[in-house]
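A.B. asks: Sharing a structure with you now.
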Ligand SMILES: Cc1cc2nc3c(=O)[nH]c(=O)nc-3n(C[C@H](O)[C@H](O)[C@H](O)COP(=O)(O)O)c2cc1C
């Protein structure tokens with residue numbers, strides 16, 4: 001029997017298993033990928049986020065953010081993201097590229113209702129995120145759904161690298177209907 005990383009199907013299935021575990025378990029390494037965007041002026045930007053939904057059938061990842069954070073302006077200019085995950089235990093790198101829809105208001109009220117009270121602190125801050133303040137704590141948190149945004153990321157490319165005794169790399173794209181192909185690593 002082959003190991004999971006020896007077949008395209010095995011790699012792909014393992015990657016989605018990891019993404020789903022990241023959503024289910026806050027201590028799983030897939031919980032906190034780096035999320036990369038392109039700024040309005042063309043600079044690359046990366047920051048850590050939590051993944052909140054991984055829908056294997058729909059090829060969608062969700063992250064939550066403050067609608068007043070700088071990344072929103074970047075996403076309005078360039079509605080594309082990359083996620084980067086590293087699962088040390090499996091020696092598996094997962095890179096995802098996706099198109100993004102920013103959802104707010106009544107479209108996400110059902111999701112806001114499920115955000116635990118302590119986590120709501122992340123949505124609603126004065127002044128807005130990224131605004132200079134005279135002192136480190138010169139801000140006020142006032143959780144409010146008005147600040148809550150869901151980044152719905154429709155995946156277009158998945159690139160997987162397994163660093164075993166030998167290195168393997170595979171690509172899966174929407175354009176090829178998710179039929180994988182091996183790449184030179
Ligand atoms: C462990 C960890 C988890 C985070 N999770 C999120 C998150 O889910 N959503 C988010 O918008 N920011 C999250 N942040 C904060 C971002 O990394 C970033 O500082 C913030 O979103 C502002 O980024 P921006 O100025 O590029 O918009 C997290 C930071 C850390 C360290």
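A.B. asks: How many angstrom lie between the C-alpha centres of segment 21-76 and segment 91-146?
C.D. replies: Centre-to-centre distance over Cα atoms comes out at 11 Å.
A.B. asks: Relative contact order for the chain: what percent, with Cα pairs under 8 Å and sequence separation of 6 or more?
C.D. replies: Relative contact order here is 21 percent.
A.B. asks: Moving to a separate point now. Can you tell me which of 47, 31, 95 moves the most in a GNM of the chain? Springs connect C-alpha atoms under 10 Å apart.
C.D. replies: Sorting by GNM fluctuation, first place goes to 47.
A.B. asks: What are the semi-axes of the equivalent ellipsoid for segment 141-185, taken as the square roots of 5 times the Cα gyration tensor eigenvalues, largest first, in whole Å?
C.D. replies: Semi-axes (√(5λ), whole Å): 36, 16, 5.
A.B. asks: Quick one: compute a quarter of the convex hull surface over the Cα atoms of segment 71-179 and quote it in nm².
C.D. replies: If you wrap the Cα atoms of segment 71-179 in a convex hull and average its projections, you get 10.4 nm².
A.B. asks: Rounded to the nearest 500, what is the chain's calculated 222 nm mean residue ellipticity when only DSSP H runs of at least 4 contribute -39500 (n - 2.57) each, over all residues?
C.D. replies: -5000 deg cm²/dmol
A.B. asks: So, one more: In percent, how large is the relative contact order of segment 1-90, given Cα pairs closer than 8 Å and 6 or more residues apart?
C.D. replies: Relative contact order here is 28 percent.
A.B. asks: Oh, and also: From the C-alpha coordinates alone, can you work out the Kirkwood hydrodynamic radius of segment 1-47, in Å?
C.D. replies: 12.8 Å
A.B. asks: Thinking of the chain as a set of Cα atoms, what percent of all their pairs are more than 20 Å apart?
C.D. replies: 58 percent
Laboratory data are not the source of any read-out in this text; all were calculated from the coordinates shown. Worth saying up front: this structure is predicted, and the values here are computed from it rather than measured.
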